[in-house]
Structures are given as structure tokens and as C-alpha cells.
Amino acid sequence: MLRGTMMDLPLTIEAIAQRAGGLMSNVEVVSRRPDRSLHRTTYGKVLERARRLARALVGAGIKPGDRVATLMWNHAEHLEAYFGVPLAGAVVHTLNLRLSPEEIGSIAADAKDRILVVDEVLLPLLARFRDLAGCFERVLVAGATKPTEGAEDYEGFLSAAPDLELPALQESQPLGSCYSSGTTGKPKGVVYTHRSTVLHTLVSAMRDCLDLSRTDTLLPVVPMFHVNAWGLPYIAAMVGARIVFPGPHLDPASLLELMEQERVTVAAGVPTIWLGIRDALEAQPRALQPGVRMIVGGSAAPEKLIRDFDRLGLTLIHAWGMTETSPIGTVSRLPPEAAAWSEDERYRARAKQGLPVPLVELRVRNDQGDVPRDGKTSGEVQVRGPWVTGRYHNADAPDRWTADGFFCTGDVATLDERGSVQLVDRTADLIKSGGEWIASQLLESHLMGHAAVREAAVIGVPDPKWSERPLAVVAFKPGQSATLDELRAFVSEKFPKYWAPDRVEVVESLPRTSAGKFDKRALRAAYRTRSGS
């Protein structure tokens, strides 16, 4: 029997750490501090400190598989934890600071986090849930300017790191943990392994995926406490991309200032971030790098937004994923034959979520089976792959997996003739009116293409005749407005007339979830008694 002759080396974060700390040691890592000052360091220094953190954690009694939590913004010290905790054999658990204190405390308790690393500016938030969590043996304060009762200085913890050998890592070991946003129920834990993270990092960096290289300067606006910032910190470290962290300053003016000053070539965030960036650029143009690539995920970006950024000299790139998929599942890239397409055809293609990335199997199914590639028939997106979770931590949800091992995402989509995915809604957000389904996400994207509309969300509200009818919650651009009849007519240009909302509620801005998406649950709670007619 012929046997393979290849070396059997485990796929662990150690390989990325060695490369970033060695071959990419002089590449700059920039962090904006709470006082708006810029701190500059390098991958070499970050990885040296990460190993010191790993030794300090082992010296503090942290064992393989133990959880070490972070409550931090995006900056170099958080990157140290991304590497240092798993190098110690432990699991880095990023706590989502945008959740309620009760939710954070419950998640920390469920994960049984032993040590917490927290930004000094977030100590007031910690005080609101520390007792609820009841699991932190030690709290380390990063960026400390004064002593804190019941906590230690992070720098002092690092400086006292013992000189000891770090544990050998296996690729099947857990590396990190994130909890789902909980928008459709109680947050559930997903645990990533070294192997899944390394494979996700390798594929995500590819040209037809997120396309990052050492020629780039990356601005990850997506928080490091949300699905590991889409894996971007690991990807940037592996390829040697210069990285610029925005810290807590996520308003459009601050982000654009960083993009201009630090010559950013790639940025990443949810559509609501880019809506604000677009409005700010239209009000005051900036001298940004030509063709800045802006990766958008979390929810669908309207075609109008893609067109607007092209006009402004920036390129919006659609991607899709979720906590359970590490998160990259699909990326929208135009194929070579798109050169012969019309402009409208290219924009329609770019507004889709695109093809599944290598190693991810994706299908769309409804009650009749796999949907045809007709761009019309919808079904639920189901995926499997080496970085797709096979179960939840401490939660039983067998209905989320099929008998043949596909994860049921809850996203509803169509497939075109090329196999490109277009999301049309979440199963929980579909509106059933008079026995017919209405896709709220498609309505929202179209409404945000109206010249007067800045933001729009659509929800179903009870109706005595039709069971449910769509209600649109709209925020207009400054100084602009539109009537209900005008918006209904705009919708009816593209969709059946029964899709047009019967009512429009005008607001200053829409509520956001912890991930920056429009908060449909909050909108339903606010408007559930409103009749659609």
C-alpha cells in the first residue's frame, strides 16, 4: 500500500505567529487610543508581547482549554490576546461589549471565563456585569492610568511573566470562542479550533476572496469582539499587511481621518458603517488612496450604495458569513466574462453575496429540495466545511444541522445560473401576506436606492385581512423626504404591488444590533401594535 510522504505538522496559530513575528516583524501596527492619539508598534513587538502574555497565563495556572475573556476595542493589545491566549493553549473569548450587561454576564458565566482582560475605558461596563458573571478569578486592565480595586495592571502582569516553556499545540485544540448575536434567541457559543482558524485564514487571503497582501494597509472597522473581526487580524498578520486599528472612535469623520492619514487600502465593516462614510464623503471629499476596497458583510448592501462608492472612487466588495462559519462563507467577485456585460448587469452581480469560497460547500433548499439556479426560486442556505461549526457549546439545537451534516443558516436566498448567492431575507424576517411571501431584505435594499432615503428597514405587522402587511421604517437624508405614495410607487416599479408597504414610519435613525445591523427585533417590539392598513 502506497503511503503519503508529506510531513504531518499540525495546523496551529504558532505557524502564523512565527511568520508574523519573524518575516513580518517590521510591519507597522497602528492603534488609535481613547484620547485620539496614535500608538505605533510592529508585528515583531506585538508577537513578542503575545508570547510574554502566554507565559504569564501559564504561570497564573491557565490550563489548555481554559477560557480567557477580552472586553476590548480594536487595538494592538487586543491583537496580543488574539495570539497570546491560544499560544498558552487556552481559548480567547471575545465578549461583545455592545450587548446588555445582563447578556454579557450570562455569556461569560456560560463560557466559564477564568481571566478577563479589559480596557480601562470599559471598567464602568464591567462593574455592571462582573457580579452576574461570577467567574473571573483575575481581571487585567489594559491601558491603565491608575490602580483599580479588584483588578491588576495588564503591563505588570506581562512584566512578571515567568521564563517557562509553552505547551505544545494540537490542531484540534480550541483556539477561540464567540457567541451568536442572539437576535433570534439566546446567544449560543461557537468554539473555533486551531485547524479551522488556520484554514479559514489561508483561504480568506486568496485573490478571489478578501485579497489581502503585504502591499495593503488594513482598517478593520468590524469589531474584534464580533466573530474575530471576520478573521482579518489573523489574515493581516499572516500576509504581513500593515494594520490600523480605530479603537473606540467609529464615527465617519474619525474613520475617514484615519483612512486618509494612514493611506488605508482595505477597510471592512457592516453596511450601516458605510452608509455614514458615504454621506460624510459626499459632504466633504477626502484624499483617500485610489480604489480603496471596502469589504461589507453582516447584511446586504444596497446596489445604490455600491454605485455611490464607485462614483466616489471606492470599491465595495460583498461577503457573507456568520458566527457559525468563522465567518467567511461567500464573496462576490465578478467573473472574467463580466467584461462583456452591461453596466447594470455588473452592478446586479456585485450586489449579490457571490460564490462560496473554496472548501465551503453551499446549497439552497426548500420543501421541494435543492432550488434551481434560476435567480427566482428561494430556499434556506445550508453550508458545511472545515470552519463551519458542527455543534454549539453548552446548547442543544439539533434542528440546525441536517442528517448529512449541513448547517442550516436561517438565511433565505436564491442562486443564479453561475451559482452566485443572493440573500433575500432571514427566515424570521419573511412577511407572509395573504398566503404570499414578501422578502423584507429585498424591499429594504430597494428603498435605500431612493434618492431621498438614507436608511430603511421593513417589518411585518399584524393585519386583520391579510394576516401580515409590510411596514417600512425610514430615515431620510438631511433636507429630503418622500410621501408614502411616492415610496409605494418606487417599490412597485420593481416588485409586485402587494409588496409595497401600506405604512411608513419616519425616524431620525434606525436602531442597531450589537453587530451594527438594523435591529428588527426592536422595531417589531416598537411597532407590533400598528396595523398595516
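Here are some notes:
- With one equal scatterer per alpha carbon and no solvent term, the Debye-computed log10 I(q)/I(0) for the stretch 180-306 at 0.11 1/Å reads -0.41.
- The slack between K376 and E48, meaning 0.36 nm per residue of separation minus the straight C-alpha distance, is 112.8 nm.
- Sequence of S299, S172, S254 once ranked by neighbouring C-beta atoms within 10 Å, starting from the fewest: S172, S254, S299
- Those residues of the stretch 264-299 whose amide nitrogen sits under 18 Å from the label point placed on R207, 7 Å along Cα→Cβ: 293
- Among P372, V388, N74 the positive-end extreme of the charge dipole of the chain (Cβ point charges): P372
- Distance in nm between pseudo-label sites at L123 and L164 (7 Å out along the Cβ direction from Cα): 2.8 nm
- Out-of-range pairs (alpha-carbon distance over 22 Å; input K376/K432; K497/K517; K432/K494; K432/K497): K497/K517
- FRET E, pair S467, R33, Förster distance 45 Å, beta-carbon r, rounded to 0.05: 0.30
- Spin-label model distance (nm) - W341 vs T483, 7 Å beyond Cα toward Cβ: 3.7 nm
- Of the GluC sites (Glu not before Pro) found in the stretch 398-489, those that fall in a DSSP loop while having at most 13 other beta-carbon atoms within 10 Å are E417.
- For the stretch 136-144, 3J(HN,Hα) per residue [Karplus equation, 6.51 cos²θ - 1.76 cosθ + 1.60, θ = phi - 60°, Hz, x = Gly/Pro]: 7, 7, 9, 10, 10, 9, 8, x, 5
- Maximal additional length on extending the E137-A109 stretch stands at 8.9 nm, based on 0.36 nm per residue less the C-alpha distance.
- Note, ³J(HN,Hα) from phi for the stretch 293-307, Karplus 6.51, -1.76, 1.60, rounded to Hz, x at Gly and Pro: 8, 10, 7, 10, x, x, 7, 6, 8, x, 4, 4, 5, 4, 5
- Qualifying trypsin sites (Lys or Arg not before Pro) in the stretch 206-253, where qualification requires a DSSP coil assignment and no more than 11 other C-beta atoms within 10 Å, comprise R207.
- Here the sum of -39500 (n - 2.57) over DSSP H runs of 4 or more residues, divided by the residues of the chain, equals -8500 deg cm²/dmol at 222 nm, to the nearest 500.
- Reciprocal of mean inverse Cα separation for the stretch 1-160 (Kirkwood radius, Å): 16.7 Å
- Modelled spin labels at A525 and R263, positioned 7 Å past Cα toward Cβ, are 4.7 nm from each other.
Read-outs: derived from the displayed coordinates by stated rules, not from any lab. Treat the numbers as computed from the prediction; the structure is a model and nothing was measured. Cβ: placed from backbone, ideal geometry, glycine included. Neighbour counts: every protein chain shown.
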